[in-house]
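Participant: Mind having a look at this structure? Questions to follow.
Each value in this text was obtained by applying a stated rule to the coordinates, not by laboratory testing. Nothing here was measured: the structure is a model prediction, and the numbers come from that model. Don't worry about glycine lacking a Cβ; one is built from the backbone with ideal geometry, like all the others, and counts go over all protein chains shown.
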């Protein structure tokens, strides 16, 4: 198969999409700022929600958003549907931020309806890629980048991010970046340099490491483990799904934090495992990460593949890694925007592992167990 399918193009278009989305948010900055100032008060509960990959956006950014929004939580729509009365406080103001590629999944629409039914004071931000989706159409207007209607704000991403392939790639990363920029909407102009450096990190992964990732993905392994700390744990969560779904489950994957991995999950590591370490470049955190890498290396020889990703030299010469992906710009230069490019490693591994297993990355589910938009879900009153 030639590298001309949807998945290949959607992975590689991400740097361009991020620049395009930054420009769009800057154009709509005044309208977005006015909405945020109206509905974001010290008493407001902020819930980041979505299903599957869209839910992982909230998992990734909740740790960093707490520095900007005090009462923020990531709650999947798949939990809200069944336990909304326990997860939403009807008496407190709610800002529900919904992430959705298509905006048509039953849980996404159902979660919005439940929030409206249960909460006395609710506002919505829809971050979505599909102008024709049910969430986008819930906001009346011209479906421009930013459309506001009373208590609803639609942030419609570039049309190209409505990924046509089964796996979400550019939709995930651009929605993730959009919400991070939303948290700094007042100072977005000043953040342009940091965002551009994060974009250049992504370009460096593609230009400098794609061929090596392709070669590693073609090797025989049956398990994939992705580890990250803080926000990078959420990125590891997305990476584990990309490799698993793009290989139609032929590679079974797991994710965890570095410290959490010791408490039982480490049992999955064997000679048929690929372990990918998404390492921070913050020294206080990296000390714990190095300890875990050294322990796994000492206790599990051989491990099929080891990949290390970081914004600095991990300083573990005694550990033999098959590949060290070094980001050119550090966390100090990219701040929290720097977490976004890490996901490209998982996406590229998934894409090339899919090809190595004889699958079509655009439609890898031979069994038909998974679909681009989830099927078979009935939302009950």
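Participant: Over the chain, what is the relative contact order in whole percent, taking alpha-carbon pairs under 8 Å and six or more residues apart?
Facilitator: 19 percent
Participant: Here's something else I'd like to know. Over the Cα atoms, compute the radius of gyration (one decimal) and Dmax (the largest Cα-Cα distance, rounded to a whole number) for the chain, in Å.
Facilitator: 20.1, 60
Participant: I want the antiparallel fraction of DSSP beta bridges within the chain, as a percent rounded to 5.
Facilitator: Among the beta bridges of the chain, antiparallel pairing accounts for roughly 10 percent.
Participant: Now a separate question. Mind giving me the nanometre distance, one decimal, between the label points for residue 83 and residue 27, set 7 Å out from Cα along Cα→Cβ?
Facilitator: Taking the simple label geometry, residue 83 and residue 27 are separated by 4.2 nm.
Participant: Cα centroid distance between the stretch 200-224 and the stretch 260-286, in Å?
Facilitator: Using only Cα atoms to place each centre, the spacing works out to 18 Å.
Participant: Please report how far the C-alpha centroid of the stretch 161-194 lies from that of the stretch 32-72, rounded to the nearest whole angstrom.
Facilitator: After rounding, the separation between the Cα centres reads 14 Å.
Participant: For a test of the definition: using alpha carbon positions, the gyration tensor, and the 1.5 limit on a/c, classify the stretch 194-356 as rounded, prolate or oblate.
Facilitator: Cα axes put the stretch 194-356 in the oblate bin.
Participant: Once you treat every alpha carbon in the stretch 6-183 as an equal point and sum by Debye, what is log10 I(q)/I(0) at q = 0.08, 0.12, 0.13, 0.18 Å⁻¹?
Facilitator: Taken in order of the listed q values, log10 I(q)/I(0) reads -0.21, -0.49, -0.58, -1.17.
Participant: Would you calculate, for the chain, the mean residue ellipticity at 222 nm contributed by helices, counting each DSSP H stretch of 4 or more residues as -39,500 (n - 2.57) and dividing by all residues, to the nearest 500?
Facilitator: Value at 222 nm, helices only: -13500 deg cm²/dmol.
Participant: If one takes the longest principal axis of the Cα atoms in the chain, at what angle in degrees, from 0 to 90 and to the nearest 10, does the Cα axis of helix 231-246 lie?
Facilitator: It works out to around 70 degrees.
Participant: Within 10 Å of each residue's Cβ, count the other Cβ atoms and sort 281, 163, 89, 30 from fewest upward.
Facilitator: 30, 89, 281, 163
Participant: By counting other Cβ atoms within 10 Å of each Cβ, how are 239, 253 ranked from fewest to most?
Facilitator: Starting with the residue having the fewest Cβ neighbours, the order is 253, 239.
Participant: What is the angle, in °, between the Cα long axis of helix 29-39 and the longest principal axis of the Cα atoms in the chain? Nearest 10 is fine, range 0 to 90.
Facilitator: 70 degrees
Participant: Would you mind computing Rg(Cα) / (2.2 N^0.38 Å) for the stretch 22-107, counting N as its residues?
Facilitator: Here the answer is 1.14, to two decimals.
Participant: While we're on this one: When a/c is below 1.5 the answer is rounded, else prolate if a/b is larger than b/c, else oblate, so apply that to the stretch 96-236 with a ≥ b ≥ c taken from the square roots of the Cα gyration tensor eigenvalues.
Facilitator: Since a/c reaches 1.5 and a/b is larger than b/c, the shape of the stretch 96-236 is classed as prolate.
Participant: Taking only Cα atoms, what is the 0 to 90° angle, nearest 10, from helix 170-183's long axis to the longest principal axis of the chain?
Facilitator: 60 degrees
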